[in-house]
Amino acid sequence: MPKTRKRKSVVKPKTTSDKAEGSVDRVADRSSDPRRKSESYANALDRHSEVLNVVHQAVELGRSGKADPDPKRAQLIKNSCDWVIDGPSRLNVLTETHDASRRARKQGAAGSMAMCGVGVARGGRAAYNQNDLTDPSGTMLMAKGCVGSFKGGVNLVMSQGGNERTRDDILSTIVHETQHDADRHDDALGGDRGPAWNEYATEFRAYWIEGEYSDKSETALTGKPPEAAKGMNCFDNDRQLAIFDHIYKGYPKFRQGWDTNPEELARKVAEMPRPVGINLVNSIRVNDLYTTLAQFVRETRKMPWLARIRFIKRRVIERKGRSVHAMVDALTDDDKKAFGDDGMKEKWTFILEDPALKAALSHCSTLGDRLNALVDPPAR
Ligand SMILES: [Zn+2]
């Protein structure tokens with residue numbers, strides 16, 4: 001399921017002398033001169049290499065922890081950049097192929113663009129089959145106007161429509177798309193049920209933490225609800241309202257769900273005035289802890305009682321490699337602080353209340369105490 005982020009502000013108006021004009025010329029040349037065709041392929045790869053370098057310079061700055069004057073945001077950016085380099089997802093930096101529209105059309109996606117750069121790491125060179133437009137290797141199809149997605153990795157769309165993206169914008173998209181992975185929204189334990197709510201919840205978190213509409217109030221509601229939500233009484237603050245409006249307009253699964261059964265979704269929207277999620281800081285360390293505990297719950301739910309206790313002792317607490325104790329040790333002070341914040345506290349309290357986990361942890365009290373202390377830190 002592609003997670004597409006659409007943003008009006010990103011595509012800048014074109015000037016008469018910029019790339020848009022040039023690209024039109026190149027298309028015309030290509031059709032009449034076979035030599036130009038191969039040049040254009042090479043040009044597309046050169047352009048990709050340049051853009052890849054720009055993005056990785058931004059990621060390097062992000063990883064240094066100095067990308068933002070606000071320490072909390074700098075840490076969020078650092079976590080997100082670490083996530084796409086060392087963590088569970090890989091970063092795909094995408095630029096158009098030399099035949100982006102035609103290639104998409106040949107693959108049955110008229111109106112979309114074929115992008116190259118899938119699976120290309122820093123310093124690598126993109127490649128795709130220039131002779132067979134139906135061969136999808138090394139490419140990905142993207143809807144026009146899309147600036148990023150989360151599908152088979154964190155995908156960053158760099159040059160569609162001739163847009164030029166600032167460093168801050170690149171890093172914000174990495175934060176947004178990484179959150180789609182970090183929130184484990186499809187997971188049995190921490191996930192969000194139902195396709196419409198699942199889409200809304202993950203987009204709401206992603207837009208909020210990337211900083212979208214951060215100029216709007218997070219506590220006061222002065223704006224009017226959109227037509228589709230009139231009289232539903234599900235908004236608490238202007239920022240929530242603005243993100244709702246954006247998701248309703250741009251994300252069909254949520255829109256269809258809302259138009260079919262607004263009451264049920266309105267209740268859920270009202271329950272999440274600000275983001276609630278298992279990993280609102282995009283931390284690889286929080287993810288390690290979550291995935292291990294979730295795996296334990298999944299694998300032991302149907303086990304007899306003693307087998308479950310043995311499993312948690314051998315495979316979770318004392319397992320070779322990294323035990324859960326080591327994962328808790330690895331949490332930074334910033335990670336620990338995040339567990340106590342409202343949005344993560346709610347989800348983690350739910351996880352730690354899982355009967356299988358709770359029962360097993362009651363026999364391993366040190367670990368249980370340590371996990372509970374993350375959610376409910378002892379008063380100092
Ligand atoms: Zn998104």
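A cut-off of 5 Å between modelled amide H atoms, ignoring neighbours fewer than 5 places along the same chain, links Gly148 with Arg5, Val157. Rounded to the nearest 20 debye, the dipole size of the range 177-221 about its Cα centre is 200 debye, using +1 on the Cβ of Lys and Arg and -1 on the Cβ of Asp and Glu.
For the chain, take the longest principal axis of its alpha carbons; what is the angle in degrees between that and the long axis of helix 284-300, to the nearest 10 within 0 to 90? Relative to the chain, helix 284-300 is tipped by roughly 60 degrees. Karplus-derived 3J(HN,Hα) values for the range 173-183, using 6.51 cos²θ - 1.76 cosθ + 1.60 with θ = phi - 60°, are 5, 5, 4, 4, 5, 5, 4, 4, 7, 5, 7 Hz; glycine and proline are entered as x. As a check on your grasp of the helix formula, calculate [θ] at 222 nm for the chain: sum -39500 (n - 2.57) over DSSP H runs of n ≥ 4, divide by the residue count, round to the nearest 500. That comes out to -16500 deg cm²/dmol. Put +1 on the Cβ of every Lys and Arg and -1 on every Asp and Glu Cβ in the chain; which of Leu52, Leu357, Ile312 then has its Cα farthest towards the positive end of the dipole? The Cα lying farthest towards the positive end belongs to Ile312.
For the chain, the dipole from Cβ point charges (+1 on Lys and Arg, -1 on Asp and Glu) about the Cα centre works out to 900 debye, to the nearest 20.
Largest GNM mean-square fluctuation among Phe244, Phe339, Phe350, using the chain with Cα springs under 10 Å: Phe350. Relative contact order of the range 216-324: 19 percent, from C-alpha pairs under 8 Å at least 6 residues apart in sequence. Since only Thr300, Leu374, Met113 are under comparison, the one whose Cα sits farthest along the positive direction of the charge dipole of the chain, derived from C-beta charges on Lys, Arg, Asp and Glu, is Thr300. Any chance you could check the Cα centroid distance between the range 225-291 and the range 336-380 for me, in angstrom? The range 225-291 and the range 336-380 have Cα centres separated by 25 Å. Rounded to the nearest 10 degrees, the inclination of helix 71-85 to the longest alpha-carbon principal axis of the chain is 70 degrees. The angle between the Cα long axis of helix 365-375 and the main principal axis of the chain comes to about 50°, on a 0 to 90 degree scale. Just need the relative contact order of the range 284-375 here, percent rounded to a whole number, with Cα pairs under 8 Å and 6+ apart. Computed over the range 284-375, the figure is 34 percent. Charged side chains reduced to their Cβ positions (Lys and Arg at +1, Asp and Glu at -1) give the range 285-356 a dipole of some 660 debye around its Cα centre. In the range 232-298, a dipole from Cβ-located charges (positive for Lys and Arg, negative for Asp and Glu) runs towards its positive end, and of Leu265, Gly250, Leu289 it is Leu289 whose Cα lies farthest in that direction.
Between Asn92 and Val154, Asn155, Leu156, the built amide H atoms are under 5 Å apart, and every one of these is 5 or more places off in sequence or on another chain. Using a cut-off of 20 Å between Cα atoms, the listed pairs Lys313/Lys347; Lys72/Lys345; Lys313/Lys336; Lys268/Lys345 include Lys313/Lys347; Lys313/Lys336 as exceeding that distance.
Backbone phi angles across the range 336-342, fed through the Karplus curve with coefficients 6.51, -1.76 and 1.60 (θ = phi - 60°), yield HN-Hα couplings of 4, 4, 4, 4, x, 5, 3 Hz in residue order; Gly and Pro are listed as x.
Of Leu371, Leu352, Leu76, the sequence from fewest to most neighbouring Cβ atoms within 10 angstrom is Leu352, Leu371, Leu76.
Since every read-out is calculated from the coordinates, none of them should be taken as a lab result. Bear in mind that the values here come from a model prediction, so they are computed numbers and not experimental data. Every residue, glycine as well, gets a Cβ built from its backbone with ideal geometry; the counts of neighbours run over all protein chains shown.
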